[in-house]
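Undergrad: Below are the C-alpha cells for one structure; questions will follow.
Derivation of every value follows stated rules applied to the coordinates shown; laboratory data play no part. All of these numbers come straight from a predicted model, not from anything done at the bench. Heads up, the Cβs are rebuilt from the backbone with ideal geometry, glycines too, and the neighbour counts pull from every protein chain shown.
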Amino acid sequence: MRINITKAYIERTNMSCACASKPRHWLRLENVSQDSDETFSFDFSSEEEISWKEGDSSKIFLMVSGTEQGKKFSHATLPSERIIRFTTRVRKDKSAYKAALSELNLGQWLEISMPEGQFALRRDNRPIFLLSNGVGIAATRALVKAFEKDQTMIPELIQINVDSNSAIYKDEFIKLEDELSTFKSKYLKHRGEFYEHLDYELQEAFMRFIQEPLFYVVGSDAFVSDTIVHLEMVGIEPESIITDGHKSGGTCGCSSDAGCGCGANLVTNFMTF
C-alpha cells in the first residue's frame, strides 16, 4: 500500500543525508509520463522561483527504508518551460531508491538540491556536437532547448544518440530539425554505427567550419570514456571535449545504492504503476 507523504510530514522527519545542510527546494509531483518501455519523465512544479541553466543537475531526496537518499538527475527542461522535469530509466529489478521513486503519488512533495553544473553551452562561434547514449539524452534535451531559444555564437548543433532500445525525444527533435537548418539530430542503435556517423559528421564539419567543434559527451561511464578515446584518436584536442563531471557512484557524496540516478548515468531499471 502506498503512503501519501506530505510536505509537512517530511519537514517533521529527521533527515540523515550528509547533504542535508546544503540549500534545497521543495517540488510537487504533477505528472509522470512514459517515454519508452524503460524510460519515464517526472514533471514537478514549485511554489518558489527556482533558477537553473541547461546542463545543470539536482539531487532528488527520497526516504528509502527509513533513510534519506539523494541521487543526481539532469534537468531535462529550462525554467522558461515552467516545468521541472527529470527523465530516467528503470527496469523490473529496480533498486530500493528507484522503487521509492516509482511509488511517488501525484501531488506528493519532495526536496531537491540547488541546481548546479558545468555543462552549459559554450558560445565560442564553434559548431557543437552533443553525443549521448541511452537516457543521457535527458541532459542533451536541455542543451537543445537552450540552442532553440538562442543560437547566438553557435553556427551549428548536432545531436547524436545511441540506444539499442529506444529513441527518447526523437519526435521533438525531428520537429526542430524542420524549423532550424542549423540543427541536426540522429538516433542510432549500435555503437559501431555511432562512430561511423560521428566520423562522417566530423568530416563535414571540418569542411564547413574553420574552428574545431566542441563535443559534449554524456552517458554511461564506458560510453563517455570510449567516446573520448575515439575523439582524441581522430585528432580532437582534449580541451574541446566537455563532460558533465559526474560519473556513476563518483561525486554524489550520498549513498551509492545502484549508482546515481542522473540522466548522465545509464541506469536500466523498469518501473510499473
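Undergrad: Which value, in debye to the nearest 20, describes the size of the charge dipole of the range 14-101 about its Cα centre when Lys and Arg Cβ atoms bear +1, Asp and Glu Cβ atoms bear -1, and nothing else is charged?
TA: 400
Undergrad: Using θ = phi - 60° and the Karplus form 6.51 cos²θ - 1.76 cosθ + 1.60, what ³J(HN,Hα) does each residue of the range 29-34 get, whole Hz, x for Gly and Pro?
TA: Once θ is set to phi - 60°, the couplings for the range 29-34 become 5, 9, 7, 10, 10, 9 Hz.
Undergrad: Could you compute Rg(Cα) / (2.2 N^0.38 Å) for the range 133-233, with N its residue count? Don't skip to the answer; put the middle values down first.
TA: On the way: Rg = 13.2 Å, N = 101, 2.2 N^0.38 = 12.7 Å.
It is 1.04.
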